[in-house]
Amino acid sequence: MAFSISAIVLFGALLALLMRYRVVGAGAAIVALLFGFYLARTSAAPSIDQIMSALRDAIPTSGN
């Protein structure tokens, strides 16, 4: 759960930056948000979650 909240914050900040620097307009941002919302309700959601978890596990961490 902690990773998914972090991913939401990360992707939300990225989308906000893209809008701030006018790389993506408000209409495209709304489409991106709606696409993510509806994609999460499909049968592809578990596969995407597994890919994101694998990417998270592939990133080396300092410490332990």
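Do we find that S6 is among the small types (G, A, S) and open to solvent by less than 60 Å² (accessible area, probe 1.4 Å) in this structure?
On the way: among the small types (G, A, S): yes; open to solvent by less than 60 Å² (accessible area, probe 1.4 Å): no.
When the stated conditions are applied, S6 does not pass them.
Tell me the residue from R56, R41 that is open to solvent by 90 Å² or more (accessible area, probe 1.4 Å), in contact (Cβ under 8 Å) with a residue 24 or more places away in the chain and under 16 Å from the mean Cα position of the chain (by Cα), please.
Working: R41 fails: in contact (Cβ under 8 Å) with a residue 24 or more places away in the chain.
R56 is the lone residue from the list that is open to solvent by 90 Å² or more (accessible area, probe 1.4 Å), in contact (Cβ under 8 Å) with a residue 24 or more places away in the chain and under 16 Å from the mean Cα position of the chain (by Cα).
Does A32 qualify as being in contact (Cβ under 8 Å) with a residue 12 or more places away in the chain, open to solvent by less than 100 Å² (accessible area, probe 1.4 Å) and of a type in the set (A, V, I, L, M)? Give the derivation first.
Values: in contact (Cβ under 8 Å) with a residue 12 or more places away in the chain: yes; open to solvent by less than 100 Å² (accessible area, probe 1.4 Å): yes; of a type in the set (A, V, I, L, M): yes.
Yes.
Conditions first: (1) in a helix (DSSP H, G or I); (2) modelled with pLDDT of 90 or more. V23 passes all but one, so which condition is the exception?
For V23, the exception is condition (1).
The values are calculated or read from the model by the stated rules, or taken from the named source; none is laboratory data. All figures in this text were calculated on a predicted structure; none of them were measured in a lab. Heads up, the Cβs are rebuilt from the backbone with ideal geometry, glycines too, and the neighbour counts pull from every protein chain shown. For accessibility, only protein heavy atoms count, side chains too; no ligands or nucleic acids. Shrake-Rupley method; radii C 1.70, N 1.55, O 1.52, S 1.80 Å.
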